[in-house]
Amino acid sequence: QVQLVESGGGLVQAGDSLRLSCAASGRPFSNYAMGWFRQAPGNEREFVAGITASGNSISYVDSVKGRFTISRDNAKNTVYLQMNSLKPEDTAVYYCAARPRQYYSGSYRDYNDWGQGTQVTVSS
């Protein structure tokens, strides 16, 4: 099991940027693929971005391509989500998740460990 703690959320205006961080502890971080998900009220948890355990492959949901960037620093046991050009529809609670595999998955059911979430609110 790996423990995850997100930070970096907040209230911003449309067009602004935020960087989310997710610090991991417990098991060796480099053994885990990581994903960022988000959930808005009344919606299912949505895959936003994923990165392989080695960091050499990345994927994004279409709605954030070109605006969000996922990265990881295995030496710091941290995964990041840089969010630029934020839109009101990006408003949600953002969660990081860990999967004890090389490759990420787009399904929240494939992740074993989750952070507590961080709220991102984008005003128009």
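The values are calculated or read from the model by the stated rules, or taken from the named source; none is laboratory data. Please read all numbers here as calculations on a predicted model, not as lab measurements. FYI the Cβ positions are ideal-geometry reconstructions off the backbone, even for glycines, and counts take in every protein chain you see. Just so you know, the surface numbers come from the protein's heavy atoms only, side chains and all, with ligands and any DNA or RNA stripped out. Shrake-Rupley method; radii C 1.70, N 1.55, O 1.52, S 1.80 Å.
D by Stokes-Einstein for region 60-124, Kirkwood Rh over Cα pairs, 4 °C, 1.567 mPa s: 97 µm²/s.
Of the residues Leu4, Leu11, the one with the largest accessible area comes first in the ranking Leu11, Leu4, computed with a 1.4 Å probe on protein heavy atoms. Result for the chain in a Gaussian network model with C-alpha springs under 10 Å: among Asn31, Asn84, Asn43, the largest mean-square fluctuation is at Asn43. If I build a Gaussian network model for the chain, linking alpha-carbon pairs within less than 10 angstrom, which residue out of Gly50, Gly15, Gly42 has the largest mean-square fluctuation? Per the Cα network of the chain with a 10 Å cutoff, Gly42 tops the list.
Residues in the chain average 49 Å² of solvent-accessible surface per residue, probe 1.4 Å, ligands and nucleic acids excluded. Remark: region 1-102 carries a charge dipole of roughly 320 debye about the Cα centre, counting +1 on each Lys and Arg Cβ and -1 on each Asp and Glu Cβ.
Working ranking of peptides 56-65, 91-100, 114-123 by packing, defined as the average number of other Cβ atoms within 10 Å per residue, highest first, is 91-100, 114-123, 56-65.
Over region 8-74, what percent of the accessible surface lies on carbon and sulfur atoms, probe 1.4 Å?
Roughly 43 percent of what the probe reaches on region 8-74 is carbon or sulfur.
All alpha carbon pair distances within the chain were sorted into 5 Å bins beginning at 0; the resulting P(r) in whole percents reads 2, 13, 24, 27, 19, 10, 5, 1, 0.
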